[in-house]
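These notes concern the structure reproduced below.
The values are calculated or read from the model by the stated rules, or taken from the named source; none is laboratory data. In this text, all values refer to a predicted model and were calculated from it rather than measured experimentally. A quick note on method: Cβ atoms are made from the backbone with ideal geometry, for glycine too, and the neighbour counts reach across all protein chains shown. Remember, those area values only see protein heavy atoms, side chains included, never the ligands or the DNA or RNA. Shrake-Rupley method; radii C 1.70, N 1.55, O 1.52, S 1.80 Å.
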Amino acid sequence: QVQLVESGGGLVQPGGSLRLSCVASGTIFSFKAMGWYRQGPGKERELVAGITSGGSTNYADSVKGRFTISRDNAKNTVDLQMNSLEPEDTAVYYCNRVPGNWPWGQGTQVTVSS
């Protein structure tokens, strides 16, 4: 059974930074494309950043240039560095494979507010 555990969220002022981390267990992690998703208040869950098994990355237009996804296959972790945060980035953030067909973790709340 695959388990995903996200951490690193919190309350940050506009323009601030956070680093999210996700650890996966119960799977061969290194062969899977992974992604960070988010679900804002009253919105659908969306993919904001993805990384292939080989390390190629892609980003939603809304976060391009501000967020950076990375992975450590030896540790089964995928991170999301978020800079220049905006109130519109407020959401619960989740990691999952791409497409997101593993069981979802609890997510980590990111709130951007002054």
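Please find, among Gln39, Gln81, the residue that is more than 10 Å from the chain's Cα centre (by Cα) and either modelled with pLDDT under 95 or within 25 Å of Ser114 (Cα to Cα) (or both). It would help to see each step written out before you state the result.
On the way: Gln81 fails: more than 10 Å from the chain's Cα centre (by Cα).
After ruling out the rest, the residue left standing is Gln39.
For region 54-92, the tally of residues that are in contact (Cβ under 8 Å) with a residue 24 or more places away in the chain and either of a type in the set (Asp, Glu) or touching a Pro at 6+ places or on another chain (Cβ under 8 Å) (or both) stands at 8. Screening region 10-53 for residues that are without any contact (Cβ under 8 Å) to a residue 40 or more places away in the chain and of a type in the set (Gly, Ala, Ser) and picking the one that is surrounded by the most Cβ atoms within 10 Å (Cβ to Cβ) gives Ala49.
One residue stands out in region 7-32 among those that are assigned to a loop (DSSP other than H, G, I, E, B) and polar (S, T, N, Q): the one that is farthest from Ala91 (Cα to Cα), namely Thr27.
Looking at region 79-91, is at least one residue touching a Leu at 6+ places or on another chain (Cβ under 9 Å) and among the β-branched types (Val, Ile, Thr)? There is no residue in region 79-91 that is touching a Leu at 6+ places or on another chain (Cβ under 9 Å) and among the β-branched types (Val, Ile, Thr).
Counting the residues of region 86-114 that are part of a loop (DSSP other than H, G, I, E, B) and either open to solvent by 60 Å² or more (accessible area, probe 1.4 Å) or not aliphatic (A, V, I, L, M) (or both) gives 13.
Which of the residues belonging to region 75-85 are β-branched (Val, Ile, Thr) and either open to solvent by 60 Å² or more (accessible area, probe 1.4 Å) or touching a helix residue (DSSP H, G or I) at 6+ places or on another chain (Cβ under 7 Å) (or both)? Working first, answer last.
Here is the first cut: in region 75-85, the residues β-branched (Val, Ile, Thr) are 77-78.
Residues satisfying the conditions do not exist here.
Within region 54-74, restricting attention to residues that are touching a Ser or Thr at 6+ places or on another chain (Cβ under 9 Å) and assigned to a loop (DSSP other than H, G, I, E, B), the residue that is most open to solvent (accessible area, probe 1.4 Å) is Ala74.
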